[in-house]
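The block underneath contains the structure these notes are about, expressed in structure tokens.
FYI, it's all coordinate maths here, none of it is from the lab. Note that this is a predicted model, so its numbers are computed, not measured. Every residue, glycine among them, receives a Cβ derived from its backbone with ideal geometry; neighbour counts consider all protein chains shown.
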There are 2 protein chains.
Amino acid sequence: MDVKTLCLGVLSMGERSGYEIKKTVEESFHHFFRAGYGSIYPALAELERAGHVAGREVAQEGRPAKRVYGITGAGRDLLHRALAGEEPRHVVRSEFLVLTYFAHLLPAERLATVLDTMIVRFRDGLAADLEHYARTNDQLTPGQRFALGYGRTVVAAALDYLERHRETLLDEVAVTDETGRPQAGGPLAAAGD
Amino acid sequence: MDVKTLCLGVLSMGERSGYEIKKTVEESFHHFFRAGYGSIYPALAELERAGHVAGREVAQEGRPAKRVYGITGAGRDLLHRALAGEEPRHVVRSEFLVLTYFAHLLPAERLATVLDTMIVRFRDGLAADLEHYARTNDQLTPGQRFALGYGRTVVAAALDYLERHRETLLDEVAVTDETGRPQAGGPLAAAGD
DNA sequence: GTGAACATGTAACGGGTTACATGATTGC
DNA sequence: GCAATCATGTAACCCGTTACATGTTCAC
């Protein structure tokens, strides 16, 4: 799925400018999709050229003017077809977990920092999420509630895991050598007797 | 983090061919990283040119010959530095969740198929995971156990969520119109009174 | 002999990221 | 004045994906 399809999807919920599309994506799709201006604006331009969206200039008071786009009939058709043909992929890319995988190659202090960074990130994200959910819950479609609930559930599980295993990992890595295995004569080796 | 660093990391655990690196990544990193031959082989070639790995031809009986690579001292240095400088990013990209987000734009049958596909995928993945974990558990480093446990935990939570909300989503979408909101006069509208 | 697994590579393509460039408006 | 937010865009670059190309060995 490319950013063009995503823009079409967001615009199917109502008119928006490129800037506002990014805001929507950050608020509602952050668990499973991201898009920067460098991909949104070109996508919008291409979509308009093809007649899938229509843009118009809107003056604002107290703010710079913006260009809001609305989805056209042809755009809706394209969106339906794109969604129908989309494979349900689900890919995670986490340098964080690669880092923990190679925990024994990291300075102990740095490992702790990495873990704490993620715990804080998940904690804050979850709080913002619950706040957003409470605020919009009654006007969400079933699909939106489902997707948001999925994200919330998974992040909560991840956070719980991190909080419950942080200490253990730090302690265990402290008594391993540079191969990652328990040091001969160390506490872990003794425990294994 | 690029595939080069990943290859270095895998090779820090022992000599391997490109083919075997891919196997390792699929077995042990599948929850949070993927790499295809199209990126592994060029990465290995570049790494060797720079002296970070050393390859040698190994004849096998009953199989084609392979070229196995070992990490060099310079390679280990580079790996340590790369890991030290790596930001703990964690990104999910899921067309699956985008699809559920726009559930009301999908044919009901297709939505059910998408949901079931993911349930089966997670179920099978979890089973393979537990099997792999049981088989290798005693020889894993703390970091490896941590990362694998994270993946297992999160997939289990996701699977549980899907199983518990599949029916609800299907039922709710069935009684909404093309805007995703409850149909006037439908069961949901009545329930809201 | 045919499909599956083993094994290695190349080249084009596509798409997103990053950096750059610019400017309005508000509030401190 | 200056930082922050709002607002829009371009262009180079990176890098991974996909498709293509080839060959071995085994088991059925």
At the level of C-alpha centres, the distance separating the stretch A:90-165 and the stretch B:54-130, in angstrom, is 19 Å
Within 10 Å of the Cβ of an average residue in A:76-88, the count of other chain Cβ atoms is 4
Hey, for A:E131 with labels 7 Å out along Cα-Cβ, what do the inter-copy distances come to in nm, ordered shortest first?
4.6
Neighbour cut-off at most 13 other Cβ (10 Å), DSSP loop, GluC sites (Glu not before Pro), the stretch A:75-183:
A:E178
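Which order do A:K23, A:K66 fall in if you start with the one that has the fewest other Cβ atoms within 10 Å? Numbers along the way, then the final one.
Numbers: A:K23 13, A:K66 16.
With the sparsest Cβ surroundings first, the list reads A:K23, A:K66.
Charges only on Cβ, +1 for Lys and Arg, -1 for Asp and Glu: so what's the dipole of chain A about the Cα centre, in debye to the nearest 20?
Values: 23 positive and 27 negative charges, 189 e Å.
Charge dipole, chain A, about its Cα centre: 900 debye, nearest 20.
When the helix-only estimate is applied to the protein assembly as shown (DSSP H runs of n ≥ 4, each -39,500 (n - 2.57), divided by the residue count), what is the mean residue ellipticity at 222 nm, nearest 500 deg cm²/dmol?
On the way: 16 runs with 238 residues, N = 386.
Result for the protein assembly as shown, helices only: -20000 deg cm²/dmol.
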Relative to the other copies, what are the label-point distances for A:R89, with labels 7 Å from Cα along the C-beta vector, expressed in nm at one decimal and sorted shortest first?
1.6
Specify the residue with the greatest mean-square fluctuation among B:E48, B:E61, B:E26, computed from a Gaussian network of chain B linking alpha-carbon atoms under 10 Å apart.
B:E61
Let me know the shape class of the protein assembly as shown, please: from the alpha-carbon gyration tensor, a ≥ b ≥ c as square roots of the eigenvalues, rounded when a/c is under 1.5, otherwise prolate if a/b is greater than b/c, or oblate.
prolate
So for the stretch B:12-108, using the alpha carbon gyration tensor with a ≥ b ≥ c as root eigenvalues (a/c under 1.5 gives rounded; past that, a/b versus b/c decides prolate or oblate), I'd call it oblate
Using Cα positions and a limit of under 28 Å, work out the lysines in reach of B:K4, with same-chain residues fewer than 8 apart set aside.
B:K22, B:K23, B:K66
Using a Förster radius of 35 Å, what is the FRET efficiency between A:A134 and A:D171 based on their Cβ-Cβ separation? Nearest 0.05, please.
0.40
Cβ nearest the rotation axis (B onto A), residue from chain B and distance to the nearest whole Å:
B:A157, 2
Label-point gap, in nm, between A:R89 and B:A50 - each point 7 angstrom along Cα→Cβ:
2.6 nm
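With a ≥ b ≥ c the root eigenvalues of the C-alpha gyration tensor of the stretch B:39-193, is it rounded (a/c under 1.5), prolate (a/b larger than b/c) or oblate? Provide the component values of the computation, followed by the final result.
On the way: a/c = 2.77, a/b = 2.60, b/c = 1.07.
Because a/c hits 1.5 or more and a/b exceeds b/c, the stretch B:39-193 counts as prolate.
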